[in-house]
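In what follows, a structure is listed as C-alpha cells, so that the remarks can point back to it.
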Amino acid sequence: DGVAVLPAPQNLSVQSTNMKHVLTWSPVIVPEEIIHYSVEYQGEYESLYMSHIWIPSSWCSPTQGPECDITDDITATVPYSLRVRATLGSLTSAWSTLKHPFNRNSTILTPPGMEITKDGFHLVIKLEDLGPQFEFFVAYWKREPGAKEHVKMVRRGGIPVHLETMEPGAAHCVKVRTFVKAIGRHSAFSQTECVKVQGEALPL
Amino acid sequence: GQEFQFGPCQVEGVVLQELWEAFQAMKDIVQAQDNITSVQLLRKEVLQNVSEAESCYLIHALLEFYLNTVFKNYHHKAVEFRILKSFSTLANNFIVIMSKLQPSQEKEMFSVRESARRRFLLFQRAFKQLDREAAVTKAFGEVDILLTWMENFYQ
Amino acid sequence: HFAEDTSDLLQHVKFQSSNFENILTWDSRPESGPDTVYSVQYKTYGETEWQAKEGCQRITRKSCNLTMETGNLTDFYYARVTAIDVGGRSATKMTDRFSSLQHTIIKPPDVTCIPKVRSIQMIVHPTYTPIHTGNGHRLTLEDIFQDLFYHLDLHINHTYQMHLGGKQREFEFFGLTPDTEFLGTIVSLVPTWSKKSIPYMYRAKTLPDQTWT
C-alpha cells in the first residue's frame with residue numbers, strides 16, 4: 001500500500017447534547033484508500049482497578065466515518081477515557097486518547113421542543129421525544145393576575161397529551177423543561193406559549 | 001429525582017433500574033456457574049433488619065469488597081462470557097455510589113459501626129470458607145440480593 | 001460405556017410467575033413417550049435439603065403449583081424435576097435461581113368504569129396476591145410494591161390522549177363530549193423493579209346530554 005506507518009487520528013473531542021454523546025476526530029487521509037477506525041473506552045473502574053483493560057465500543061469497532069456515537073457505552077456518571085486508532089488492511093496506527101476524560105454530567109441540556117394545540121376547550125401538548133432518560137415538567141397557568149401555576153410531570157415525549165380543559169376568553173400559557181435522573185440535572189425552561197379559546201363556557 | 005438514602009449518606013446520580021438492567025442481562029449465565037446451591041453469602045443475618053444508621057457503614061464495606069475483590073477477580077470471566085459491557089456498567093455505578101458515601105467516623109457511632117462490621121464479617125467469613133473461584137462466582141451471582149436490599153433505601 | 005442421551009425426556013424447566021402465583025413448568029420432546037412420570041422437588045437457596053413437593057410426585061402433567069412453597073419474598077429458590085419413562089430411563093433438570101419479586105409479571109388491574117355525561121370515572125380495585133403475612137393477612141400488590149402506581153390514558157379521536165396517574169384508586173376524565181365512545185388503557189407500574197403490567201383495555205361511552213331535551 002506504499003504506507004509504511006499509518007498516522008494516528010488527531011483532534012479527538014466529544015460533543016454531548018441531551019445525553020447523546022458523539023466522539024469525533026480528524027480523519028486519517030491516505031489517497032484512494034478506505035480507512036477504518038476502532039474506538040475503545042474505559043470507565044473509572046477500569047482505569048482505577050485494571051488500567052490495561054479497554055472495552056470495544058458497541059457501534060464503532062470498527063467504523064468508517066471519523067465519528068462514533070458512544071451513547072450506549074457511557075452507562076455511569078463517572079469519567080470515561082476514550083481512544084481511537086486507524087486501520088488500513090494489516091496496518092494499524094497507534095492509539096490516540098481523548099485528552100480529558102468525558103463525564104456525561106457535562107452534557108448540554110436544551111429546552112425541549114413542544115407543540116401546543118387546541119381541540120375545542122382542550123389544551124393539548126406534544127413534547128419532543130428525547131428517550132427514556134428524560135422526564136418533562138410542564139408548567140401551565142391561566143394568564144391573569146395572581147393565577148396559580150400548575151405542574152404536570154410527563155414521562156415520555158412523542159405523544160400528544162391533554163393538559164387541561166380551558167375556560168373561554170382567557171389565555172392559557174405553557175412552558176416546559178426536562179429532567180435527567182441519571183445526572184440529577186434539568187434544562188432551562190422553554191419559551192412560554194399561550195393560546196386562547198373563544199366561545200361559551202363549557203357546562204361541567 | 002430518585003436517590004439513595006443510606007441513613008445520613010445520600011447518593012444521587014445513580015438510576016437503580018439501570019443497575020438492574022445491567023445485572024439481568026448477565027444473571028442467568030452468571031448464576032448458572034454457581035453450583036453450590038446450599039450456601040448463600042448475603043444471607044438474612046447479613047442484610048435483614050439493618051438500621052438506617054448502620055446501612056451507610058454496611059453498604060460502604062460491601063461495595064468496597066465487591067470492587068476490590070469480587071469484580072476484580074471476576075473480570076476475566078466477564079470477558080469469557082462476553083458480558084463486559086454490563087459488568088462495566090455495574091462496576092462504574094458502584095464506584096459512583098462509593099465515591100458519595102461518607103460514613104461518619106465519630107466516636108458516638110462506634111457501636112453502630114461495630115454492628116455493621118459484624119454483619120460484613122459474617123459475609124466475608126462465608127466467602128473465605130469457599131474455594132476462591134467458587135466464592136467470587138457466587139458473590140457476583142448474588143448482586144441481585146444486594147440490589148434487592150439497596151431498593152429499601154432508594155426513594 | 002456411553003452416558004445415555006435422555007435430553008428428550010425433559011426440557012425448559014422453569015418458573016412462570018404472575019401476581020406472585022408461581023407455577024413450575026417443563027416440556028419434553030414428542031419422542032419421550034406419553035407415559036413418562038415426573039416428580040418435583042424444591043429448596044430455598046442457601047439451604048441443604050431438597051423437599052419433595054406433595055401432589056407433584058410421579059405425575060404425568062407438565063406443571064406444578066409451587067406458590068405456597070416459594071412464598072417468602074426475600075428468599076430465592078430452586079426447583080428440579082425428575083422424569084422417568086416406561087423404559088426406566090430418567091433425567092433430572094433444575095431451574096435457574098428464582099425470586100418472585102424479580103420474576104413475577106403483573107396482570108392487568110381490576111377496574112370498574114363508570115361513564116357519565118361529560119366524564120368517565122375509573123375505580124381500580126386492589127389486587128390480592130397469594131402472599132400472607134404472619135397473622136394471615138393477605139397482601140395486595142400495593143402492599144408489596146410501595147411505589148406501585150397506576151397510569152391511565154384515554155384516546156381522544158385518534159389525535160391525542162388524556163393521561164391520569166397516581167397511587168390513588170379513583171380517577172376521572174373530565175371535559176368529554178356527551179354520547180361519545182372512547183378507548184383507553186390502564187397499566188400498573190412499579191418503577192423500582194421496572195415492572196409494567198399487561199394493559200387493561202377498555203371501551204366506554206359517555207351518556208347522552210338530557211338537559212336540553
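The values are calculated or read from the model by the stated rules, or taken from the named source; none is laboratory data. Just so you know, these numbers come straight off a predicted model, no measurement behind them. Backbone-built Cβ (ideal geometry, glycine too); neighbour counts: all protein chains shown. For the accessible areas, the whole protein counts, side chains as well, though only heavy atoms, and no ligand, DNA or RNA atoms are used. Shrake-Rupley method; radii C 1.70, N 1.55, O 1.52, S 1.80 Å.
Summary of values
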read-out: Complex-versus-alone comparison for segment A:49-78, residues with a loss of 50 Å² or more in accessible area, probe 1.4 Å; value: A:Y49, A:M50, A:T75
read-out: Of A:K181/C:K196; A:K20/A:K118; B:K100/C:K107; A:K99/B:K100; A:K118/A:K148, those spanning more than 30 Å from alpha-carbon to alpha-carbon; value: A:K20/A:K118; B:K100/C:K107
read-out: Once exposed loop chymotrypsin sites (Phe, Trp or Tyr not before Pro) are cut out (DSSP; at most 10 other Cβ, 10 Å), longest piece of chain C; value: C:3-211
read-out: Share of carbon and sulfur in the accessible heavy-atom surface of chain A [1.4 Å probe, %]; value: 52
read-out: Helix runs (DSSP H) in chain B reaching 18 Å along axis by Cα, Kyte-Doolittle at least -1.0; value: B:16-31, B:52-65, B:84-100, B:110-129
read-out: FRET E, pair A:E193, C:M94, Förster distance 45 Å, beta-carbon r, rounded to 0.05; value: 0.15
read-out: Convex hull volume per residue in cubic angstrom - Cα atoms of chain C; value: 194
read-out: Sequence-separation-based contact order of chain B, relative, with Cα cut under 8 Å and 6+ spacing, percent; value: 45
read-out: Square roots of 5 times each gyration tensor eigenvalue, C-alpha, segment A:66-181, largest first, Å; value: 45, 15, 10
read-out: Estimated distance in nm for a label pair at A:S26 and A:I108, the labels positioned 7 Å out from Cα along Cα-to-Cβ; value: 2.2
read-out: Spacing of the two label points (7 Å from each Cα toward its C-beta) at B:N73 and A:M50, in nm; value: 1.4
read-out: Pairwise FRET efficiency - C:Q11 versus C:V86, Cβ, R0 = 22 Å, nearest 0.05; value: 0.70
read-out: Cα extents of chain A along the three principal axes, largest first (Å); value: 82, 41, 23
read-out: Protein-protein interface of segment B:53-79, residues with accessible area decrease of at least 30 Å², isolated chain reference, 1.4 Å probe; value: B:L67, B:K72, B:H75
read-out: Nearest-10 value in Å² for the accessible area of C:T133, using the 1.4 Å probe; value: 50
read-out: 12 Å beta-carbon shell around A:Q42, net charge (K/R +1, D/E -1); value: -3
read-out: Within segment A:124-204, trypsin sites (Lys or Arg not before Pro) in DSSP loop having at most 10 other beta-carbon neighbours inside 10 Å; value: A:K148
read-out: Rh (Kirkwood; distinct C-alpha pairs) - segment C:101-193, Å; value: 14.8
read-out: Pairs of alpha carbons in segment A:12-83 whose separation is greater than 15 Å (percent); value: 55
read-out: Heavy-atom SASA rank of A:T178, C:T6, A:T117 (probe 1.4 Å, accessible area, largest first); value: A:T117, C:T6, A:T178
read-out: DSSP-assigned coil residues among chymotrypsin sites (Phe, Trp or Tyr not before Pro) in segment A:126-204, each with at most 15 further Cβ atoms within 10 Å; value: A:F189
read-out: Relative contact order of chain A, defined on C-alpha pairs under 8 angstrom at six or more residues apart (%); value: 18
read-out: Cβ-derived FRET efficiency at R0 35 Å, B:Q24 paired with C:V117, nearest 0.05; value: 0.15
read-out: Per-q log10 I(q)/I(0), chain B, q = 0.13, 0.17 Å⁻¹ (Debye; single scatterer per alpha-carbon; no solvent); value: -0.58, -1.00
read-out: Qualifying trypsin sites (Lys or Arg not before Pro) for segment C:12-79 [loop in DSSP, other Cβ within 10 Å: at most 13]; value: C:R58, C:R61
read-out: Whichever aspartates and glutamates have a C-alpha closer than 13 Å to that of B:K72, once near sequence neighbours (fewer than 8 apart) are set aside; value: A:E46, B:E64, B:E133
read-out: Summed residue charge, Cβ within 12 Å of A:A76's Cβ, Lys/Arg positive, Asp/Glu negative; value: -2
read-out: Inter-part distance where segment A:103-126 and segment C:87-114 are each reduced to a Cα centre, Å; value: 40
read-out: Chain C: Cys lacking any partner C-beta under 4.7 angstrom; value: C:C113
read-out: Kirkwood Rh in Å, taken over the protein assembly as shown so that all alpha-carbon pairs contribute; value: 28.0
read-out: Estimated 222 nm signal from helices in chain C, with DSSP H stretches of n ≥ 4 weighted -39500 (n - 2.57), rounded to 500; value: -500 deg cm²/dmol
read-out: Over segment C:1-90, volume per residue of the alpha carbon convex hull, in Å³; value: 113
read-out: Whole-number percent relative contact order across segment C:121-198, with pairs defined as alpha carbons under 8 Å at least 6 apart; value: 30
read-out: ³J(HN,Hα), Karplus 6.51/-1.76/1.60, whole Hz, each residue of segment C:44-53, x for Gly, Pro; value: 8, 4, x, 9, 8, 7, 8, 10, 7, 8
read-out: Whole-number accessible area per residue in Å² for segment C:108-213, which is evaluated in the context of all protein chains at 1.4 Å; value: 52
